[in-house]
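Just below is one structure, and these are the notes that go with it.
The values are calculated or read from the model by the stated rules, or taken from the named source; none is laboratory data. On a predicted model such as this, the values are computed, not experimentally measured, just so you know. Cβ coordinates were reconstructed from backbone atoms using ideal geometry, including for glycine residues, and neighbour counts include every protein chain displayed. Heavy atoms of the whole protein, side chains included, go into the accessibility calculation; ligands, DNA and RNA do not. Shrake-Rupley method; radii C 1.70, N 1.55, O 1.52, S 1.80 Å.
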Amino acid sequence: MTTLVTDAVSALSADQQILLPDFASCLSVKALLHMNDLHYQVELRVNAESMSPTGKVPFLKVNSFLVSEFDPTVAFIRAKGHSLSDHLNKLEQAEMRAYMALVDSVLINAELYFTWYDKVIWKEVTKPRHGALYSWPLNILLPLKKQFEVNRMLSSIGWTRKTFPEVCEDVKTCCQALSETLGDHLYFFGDRPTELDALVFGHLYSLLTISLPVSRVAETVEQFSNLLNFCRRIDDTYFKDKQRKWDN
Amino acid sequence: MFQALSSDIGDSLKRQPLPSNEKDIVLSLVPVKVEHVHVDGVTRTQNDILKTHIKDIFTADNFEDMVKKAHVARNKLDKLGLFKSIEIFIDTSKGSTARTDGYDITFLVKEHRRVTGGISTLIGTNEGSMLFNLKLPNTFGRAEKLNMEYMYGTKKATGYNLLFSKPLQGDPNLRLQAGVFQHSGEFPWSGYKELDRGLSFDLSYPTLLGRHNIRWEGVWRDITCLTDNPSFAVREHAGHSVKSALRHTWIRDKRDSTVMPTTGYCIELTQEIAGLGGDAKYVRHETEFQANKLLWYGTVVQLSLAGGIMKTIQPGGNIRINDRFFLGGPLTLRGYEMKGVGPRDAGSVPGRGHILAVRSPPLHTSTLQPGQGRIWRSLPHPFLCQCWQPHQHRFEQLMAGQSETVRCDIPVELWSWHGLQNGRHRSNGAQLRCTTRRAAWGWHHQGASVWHRSPFLMIIRAKHFGT
C-alpha cells in the first residue's frame, strides 16, 4: 500500500492552496509512479512538510518506509524492482542524469525564486496561500519563517542577485536545451518514458498551468511548442487515461 | 521601651510566668492610643501600599490589640515581599502634644536590592540544566516582581521565562501574573521534541474552600521528530499549532507538608478549555486526590488517586500528542517506564485522551546508604513498606477502549519515620513490589528492595525494577 502525502488541507482546496515548487515536485513524483504503473493513494495533510523526513513534500509512505523528494523516490522504486531507464545504455543514462541535474538546478530554483523571492507573487499568492492552513498568528509568522529560510538558501547560491527577467532567461535557456533534446520524439529517450520525462513534465506542466499574477513565466515555456505537446501527451496518457481506468 | 521582635509576641506575653513580687497587668485592659506609625528605611516603596496595611493599627484601643495588629501588618508586608527584614519598635509618644496613653510604632525596614540574581543547576527528566536567574523585587514600589530566567540544558533544551507579577489592591494573596516564555523539551518515550513559545496571564486567589487559579495561555507549539524513524502515529503530529486555553485550577491542601506529609489530604481539580482561537480545540478535566494517615510508630499510609478525561470540541478533530495524557514513571505510576503505560505504536507511546489511574505515591528523596553493605543493620526496627501496582494489562485495555469497566488494585505504600537523628529528619522504608502477569490470579513477587531515605540527600533508587 503506497500513500503519497502532499501538502494541503483537503482535496478540494488543494489546487487553491499548494505552492508552485510543491505542486511541481508532487506532479513529478505522481508522473513517475504512473509511468511505473504503481498504484498510489494521495493524502493531504496540513503538516505534511513537518511530517516529511526531509522537510519537503511530497513524501511516500510504503508500509513503515518513508521516502521524500524525487531522487530518493527513484532510488527507492528502483530498489523495489521498478525502473524506467534500465533499457538505456551508459551514455544515455549519464545524459539523463545531466538533464535531471539541469532541471534541479534551474527549474526548481526558479520556482523557489518566483514563489518566495519575487515581491508581487510573494504578497499576492505565497503569503496568503502558505498561511491559509494556520490560525492567527501562525498564518503570518510561518510564511515569513519559510521565506527567510528559502531566501537564505537562494542567496547562498547567488540567485538573489538575479532580476526577474534574468531568471526567466535562465528558464528559457533550460527549456531551449530540453526542447532541442526532445526534438520530434515522443519522449526524451525514444518512445518510452524515463525518469527525466516524469521530472520535466512535473515542472513544465506546473509552470504552464499555475495561475500567477505574473504571466511572463508561462509565456517563457509556451514558446517551445514541442515541450507544450510533450506535457499535453503525458497528461493525456498517464493522468487522464489512468484516472479513468482507476475510477472504473 | 518595648521591643517586639519575636513573631509570636502575643502568645509569649501571655505565657510568660510573672515574678510574684511584680504587679499583674492585664495587657488587654491597658488603654492605648496609637499616635504615629513610622516606617523607617523606605526608599522606593510607595506610600499607598504601606498605608493600606498599616492604617489598621490606628484602630487599636488596648495594648494587646496594638501589638497583635502591628504583628499582622508586619506579616502582610513580609508576605508581599517588599522588604528583606522588618523590625517593630513600640515606644510611648514624646513631645509636648503627646498623650499619656499615646504610643508611637516604628517599622524598621530594609528594602531588597533593586536587582538580585543567581545561577543554579537542575536535574530533571533525563537531563541536567543550568538556570540563570535575574530578579527585580519590588520593581515599581508596589510589591511587583519581575523575574527573568534563562535555562541551558545538557540536551539543548534551552528556554527563557519572563514573569511579571503584581498583587491586586496590595493584597498578598491576590496576585496577577503575566509572562512570556520559550521552552523546549524532549519526550523520548514518544519520540518527539517540542518547542513552545507563548504568553500567559494568571490570577490566583484564595477562598474559604481552597485556592483558585485562573490562567490563560497562548502558545505556539512546534513538534519535530526526535529520531529519524519514530512511529508514524507520532509523526502525524509533527508541525506547528497554536493553543489558546483557559484553565481553572482548584486546590484544597490540608496536608501538613507538601513533600513528606503525615496527615491530611489534598484535592486538585483542573478544567481546561482550549480553542479560544488557535487550532487546539478541546476540553480537559483532571482530578488528583491524596490522603495521608498516620498509623503507628510514625508509619504513614498514603493513598493517591488521579484521573483525567479530555474531549475534542471540533467535529472530526484530533487531540494532539502534546495535549494528551500519559501515565507511568515515578510521579504517576512508579515501577513502570516513564510515561510508558498504554498502547504502543512501533515503540513510541502516542498517548491517550482519557486516563484513569490509581497513583502510586510520589517518590520522595530516597537513597541507599552509601558505603554500607548491610542495609538492614542500619534500620532501627523492622517495618514494611509495600506498593501494589494496578494490573497493567487492564490499563492497556482501558486505554485502548476495549474495557468499559476497570478494576484497579490500590497501590499502598507504608513508610516509617524515625524522628530526628543528628538534627536531620530521617526516615526509612522498604519496598516490596509485586507485579502480575496476564493470569489474573498470578501475583508473583518480582523484586524486593530496601532503601533509606533522608530528605537532604540525593535520589538514587536502590534497585531499578523492570516491568
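Within region B:225-242, if we keep just the residues that are part of a strand (DSSP E or B) and more than 7 Å from chain A (Cβ to nearest Cβ), the residue that is surrounded by the fewest Cβ atoms within 10 Å (Cβ to Cβ) turns out to be B:Cys225.
Checked against (1) buried (at least 16 other Cβ atoms within 10 Å of the Cβ); (2) within 14 Å of another protein chain (Cβ to nearest Cβ), B:Gly277 meets all criteria but (1). Across region B:202-212, the number of residues qualifying as open to solvent by 40 Å² or more (accessible area, probe 1.4 Å) and not charged (D, E, K, R) comes to 6.
Of note, A:Ala79 satisfies the criterion of being open to solvent by 40 Å² or more (accessible area, probe 1.4 Å), modelled with pLDDT of 85 or more and within 27 Å of A:Arg192 (Cα to Cα). For the criterion of being within 14 Å of chain B (Cβ to nearest Cβ) and either touching a Phe, Trp or Tyr at 6+ places or on another chain (Cβ under 7 Å) or among the basic types (Lys, Arg) (or both), A:Leu154 fails. Within region B:61-93, being assigned to a loop (DSSP other than H, G, I, E, B) and under 22 Å from B:Val42 (Cβ atoms) holds for B:Gly81, B:Leu82, B:Ser93.
Entry remark, region B:258-274: residues being more than 14 Å from chain A (Cβ to nearest Cβ) and within 30 Å of B:Gly239 (Cα to Cα) number 4 in total. Screening region B:92-137 for residues that are free of Cβ contacts under 8 Å to residues at least 60 places away in the same chain and crowded, with 16+ Cβ neighbours inside 10 Å and picking the one that is nearest to B:Lys193 (Cα to Cα) gives B:Ser129. Just need a number here: residues in region B:256-274 that are modelled with pLDDT of 85 or more and either in contact with a helix residue (DSSP H, G or I) (Cβ under 8 Å, 6 or more places away or on another chain) or surrounded by 15 or more Cβ atoms within 10 Å (Cβ to Cβ) (or both). Going through region B:256-274 one residue at a time, the tally reaches 10. For A:Leu141, the test of being crowded, with 16+ Cβ neighbours inside 10 Å and under 24 Å from A:Ala31 (Cβ atoms) is failed.
Selection of region A:105-151 for residues being among the charged types (D, E, K, R), in contact (Cβ under 8 Å) with a residue 24 or more places away in the chain and more than 14 Å from every other protein chain (Cβ to nearest Cβ) yields A:Glu111, A:Asp118, A:Glu124, A:Arg129. Out of A:Glu180, A:Glu169, one residue alone is charged (D, E, K, R), more than 30 Å from A:Asn89 (Cα to Cα) and surrounded by fewer than 18 Cβ atoms within 10 Å (Cβ to Cβ). It is A:Glu169. Consider region A:36-76 and keep the residues that are polar (S, T, N, Q), more than 16 Å from the chain's Cα centre (by Cα) and away from chain B (no Cβ under 12 Å). The one that is surrounded by the fewest Cβ atoms within 10 Å (Cβ to Cβ) is A:Gln41.
Which of the residues that make up region B:159-201 are open to solvent by 40 Å² or more (accessible area, probe 1.4 Å) and of a type in the set (Lys, Arg)? If the condition is that a residue be open to solvent by 40 Å² or more (accessible area, probe 1.4 Å) and of a type in the set (Lys, Arg), then B:Lys166, B:Lys193, B:Arg197 are the ones that fit. With a requirement of 1 or more residues that are farther than 30 Å from B:Val37 by Cα, the strands (runs of 3 or more DSSP E) lying completely within region B:94-156 that satisfy it span B:116-123, B:128-137, B:145-153.
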